[in-house]
Amino acid sequence: MIKGKVAGYFVAIILTLTACTTKSNSLAQKVDIREMVNSSDVTLVDVRIPEQYQAGTAKGAVNIPLAEIHNNIDSLKGQKVVVFCNKGIQADQAMEILKKNGVEAYDGTSLQNVKGIQNEKKFGK
């Protein structure tokens with residue numbers, strides 16, 4: 001009887017772990033960040049501080065610093081959002097907050113990455 005319980009727990013754990021990884025992997029594979037960045041129905045959000053944003057950002061990006069993300073969730077709901085910062089660390093944090101609050105968010109990683117993608121389109125690459 002103990003062997004049956006142990007086997008049951010083992011099967012339950014395996015099913016739980018594989019169900020979670022399958023769902024997240026299939027979603028990640030379907031997103032092309034290049035298409036997202038260049039889409040007219042996506043909001044680009046620069047989560048850096050205002051001084052960094054004012055020094056230069058991606059074309060069409062709005063500035064919502066990471067510290068202000070919680071205050072702007074309602075305005076972002078219903079939109080597709082690509083977040084970015086300097087190196088991707090703050091963007092990852094912003095993505096976690098937005099996704100937990102029902103916002104469709106994607107990781108643009110860094111300003112350099114997003115601008116590079118925009119320039120590819122501009123120069124026809």
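The values are calculated or read from the model by the stated rules, or taken from the named source; none is laboratory data. Since the model is a prediction, treat every value here as computed from it, not as a measurement. Neighbour counts run over all protein chains shown; Cβ positions are idealised from the backbone, glycine included.
Evaluation of Glu96 against the conditions (1) within 18 Å of Asp41 (Cα to Cα); (2) at pLDDT 95 or above shows that the sole unmet condition is (1). Within the stretch 111-125, if we keep just the residues that are of a type outside the set (Lys, Arg) and not in a helix (DSSP H, G or I), the residue that is farthest from Val31 (Cα to Cα) turns out to be Phe123. Listed here are the helices (runs of 4 or more DSSP H) enclosed by the stretch 33-110 that have at least 2 residues being buried (at least 17 other Cβ atoms within 10 Å of the Cβ): 33-38, 89-100.
Annotation note: of Gly102, Gly88, the sole residue that is on the phi > 0 side of the Ramachandran plot and either at pLDDT below 95 or among the basic types (Lys, Arg) (or both) is Gly88. I'd like to know if the stretch 56-68 contains one or more residues that are under 17 Å from Val37 (Cα atoms), in contact (Cβ under 8 Å) with a residue 60 or more places away in the chain and assigned by TED's automatic domain parsing to the domain that holds Ser39. Looking for residues that are under 17 Å from Val37 (Cα atoms), in contact (Cβ under 8 Å) with a residue 60 or more places away in the chain and assigned by TED's automatic domain parsing to the domain that holds Ser39, one finds at least one in the stretch 56-68, hence yes.
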